[in-house]
1. Answer yes if at least one residue in the range 54-75 is open to solvent by less than 10 Å² (accessible area, probe 1.4 Å), assigned by the TED database to the domain that holds Asn159, farther than 22 Å from Tyr260 by Cβ and in contact with a Leu (Cβ under 7 Å, 6 or more places away or on another chain), and no otherwise.
2. Taking the criterion of being in a helix (DSSP H, G or I), over 24 Å from His264 (Cα atoms) and either hydroxyl-bearing (Ser, Thr, Tyr) or open to solvent by less than 70 Å² (accessible area, probe 1.4 Å) (or both), would at least one residue in the range 211-219 satisfy it?
3. Taking only the range 351-407 into account, find how many residues are of a type in the set (Gly, Ala, Ser) and open to solvent by 20 Å² or more (accessible area, probe 1.4 Å).
4. Among Gly361, Gly371, which is touching a Leu at 6+ places or on another chain (Cβ under 9 Å), at pLDDT below 85 and under 29 Å from Pro505 (Cβ atoms)?
5. Can we say Ser201 is open to solvent by 10 Å² or more (accessible area, probe 1.4 Å), in a loop (DSSP other than H, G, I, E, B) and of a type in the set (Gly, Ala, Ser)?
6. When you check Val325 against the structure, is it surrounded by 19 or more Cβ atoms within 10 Å (Cβ to Cβ) and hydrophobic (A, V, I, L, M, F, W, C), yes or no?
7. Does the range 113-131 include one or more residues that are open to solvent by 50 Å² or more (accessible area, probe 1.4 Å), closer than 30 Å to Ile49 by Cβ and of a type in the set (Asp, Glu)?
8. Which one of these does Leu486 not meet: (1) in a loop (DSSP other than H, G, I, E, B); (2) modelled with pLDDT of 70 or more?
Amino acid sequence: MSLWIWCPLLLLVCEVQAQMENRVIFLPGTFQNVSVSQNETVQAVVSRIPPEVAFITLQFHTQHRNATLSYTRIPGPGPSLTAVDSGLLTALLPGQASLSLFLSSPDGDTVAGTGVILPYSSSDPVPGACNTEFTLDIDPNVYIHYNLYETEIRFAPANLGNERGETPSPCDISTEATTRWRLQYDIYQYFLPENDLSERSLFTGIQAVADIQGMMENGRLVMTLLSSDMSMAVFTSIPGQGVVYSVVVRDPLLNTSASYVPSHTYACSFVSTLNGCQTLGKISTKVFFTIAGMAGLFVCFFGHRFFKCELFCMGFSFATFFFFVLVTRTTGLEYDLCLAVSAVIGVVGGVLLVMSWWRFGSVMACIVVVGLMLGFLIASTVLFTPLGDLDVFRRSDAVFWVTFCCIMLIVPLFFVRWPREGNIITCGVVGAYAVVLAVNAYIYTSLSYISLNILKRFLNNNFSAVFTDVPFQAIDYIMITVWVVLGVSGMVLQLYRERSRPFFPPSPYLMWLQERERRKTNVLDPSHHCPPLPNRLLARVWQLTKRMESAGENTPLLL
């Protein structure tokens, strides 16, 4: 373990109290907004530090531009950190009452951010003091890595606190209760407002959860790790949704705690011109789900009446989902091409389901497919709740998929007893959810992750360890209301309209066979004496092509 280091340190943030001649002065616990111009180094100074403070952490946060925080005016590879969420920790010396640290822009652009310093006593744990993985000797930062499927956070283990000037406790000498192995780590998650990528929204959120009290009041405790666990956690990625992650280390023996430097992510890039945070949502996705939403709205209110259209939509959805997973996992095609291929195969699947009913007339076989669609949505919704984050499901793919399949297969069993009612319920629920997905193509809503989490689990082998928490804010409650109102309205309308009609329309092919048999046996039916259509066509063609013969008269008849 590295020894405590002290060099000129400290940070800036919240409202500028004084930024004169590249110098910022601020008080502990007070946020300041700081702007670092191109080729400028800003010195952050904190003074009048109380003697009971043993160490101080400095945080500086920007939205998407890197900033360099360092102990020295000229940043070096060891005593500095470059990130959008950067933090440094300084152990104070006996009698020390002031600190300085330096902030600069590594990319030559003007960087605006917010920062704060937080003081801690000698009894508080020291975040990142047992770091062996990252570059800083004492690293209080939370590091975020994300991809399309998951967001992973990592942090360095903490150590027990100590008085100023004392040698820190060894990190790995023993695992007794008198060592840092008694420490516990609470992982917190805080969602920024949905569909809000503004800098102001981020800074407001950071200021709300930067310290321990703010994170405990505003954030959500996701899990607690012991010192024997790996210092990491994995969450589902939500592109375009701002999320702040933080870690609070607790000493259960002394009942003290300290906060790591919070980090944020939008699971997307602000600098990418293609599929960046500002241009989320591919055109192909919007077109696909817009058409799906229109079809879903039709099925919601008229699906049972137009049975063939409903079967086509259900078969299309089933085949498209299945083959999108298959094509994505087995090929390296781009997203747009995978979606196009899956849609084409989905059309074939819809036609096959309609033709199977048209040819064989087996309503129950088709209703089983329809029931599986409702079962899939119900199972996805159940595991979308906090139930899906239980350790038994996160640690075992087998348990998750067995539970999912059981829920999915139970639903079609009810359709055997009540086929018409089950079909109408499916039309209402699934059709209304298609409308929700269409809205999500333009305005983010967390309800899309009901099915998207299952899709991610199909496509990513390591997704089982991911926490699938998503924010529920105003837009989500509005979309839940839309889903419920559309679904109930569609079900009530169809049940009322179909109450006096046959349960299901007859098969056109079977009706044709019956009609043909009736014409053969009923001699009183005029159509019985009419030759078959192929014979009539051949006779007509022969009449048009044969040569007209003369009747034998060469002179006109006399009047």
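1. Taking every residue of the range 54-75 in turn, none turns out to be open to solvent by less than 10 Å² (accessible area, probe 1.4 Å), assigned by the TED database to the domain that holds Asn159, farther than 22 Å from Tyr260 by Cβ and in contact with a Leu (Cβ under 7 Å, 6 or more places away or on another chain).
2. Taking every residue of the range 211-219 in turn, none turns out to be in a helix (DSSP H, G or I), over 24 Å from His264 (Cα atoms) and either hydroxyl-bearing (Ser, Thr, Tyr) or open to solvent by less than 70 Å² (accessible area, probe 1.4 Å) (or both).
3. Summing the residues that are of a type in the set (Gly, Ala, Ser) and open to solvent by 20 Å² or more (accessible area, probe 1.4 Å) in the range 351-407 gives 6.
4. Exactly one residue qualifies, and that residue is Gly361.
5. Spelling it out, it is not the case that Ser201 is open to solvent by 10 Å² or more (accessible area, probe 1.4 Å), in a loop (DSSP other than H, G, I, E, B) and of a type in the set (Gly, Ala, Ser).
6. No, not satisfied.
7. Start the filter on the range 113-131 by keeping residues that are open to solvent by 50 Å² or more (accessible area, probe 1.4 Å), which leaves 119.
Add one more test, that the residue is closer than 30 Å to Ile49 by Cβ, and what stays is 119.
Applying the additional criterion that residues be of a type in the set (Asp, Glu) yields none.
No.
8. Exception for Leu486: condition (1).
The values are calculated or read from the model by the stated rules, or taken from the named source; none is laboratory data. Quick caveat: nothing in here was measured; it's all calculated off a predicted structure. No Cβ is skipped: glycine too gets one built from the backbone with ideal geometry, and neighbour counts run over all protein chains shown. Each accessible area value is taken on the protein alone, full model and side chains, heavy atoms only, with ligands, DNA and RNA left out. Shrake-Rupley method; radii C 1.70, N 1.55, O 1.52, S 1.80 Å.
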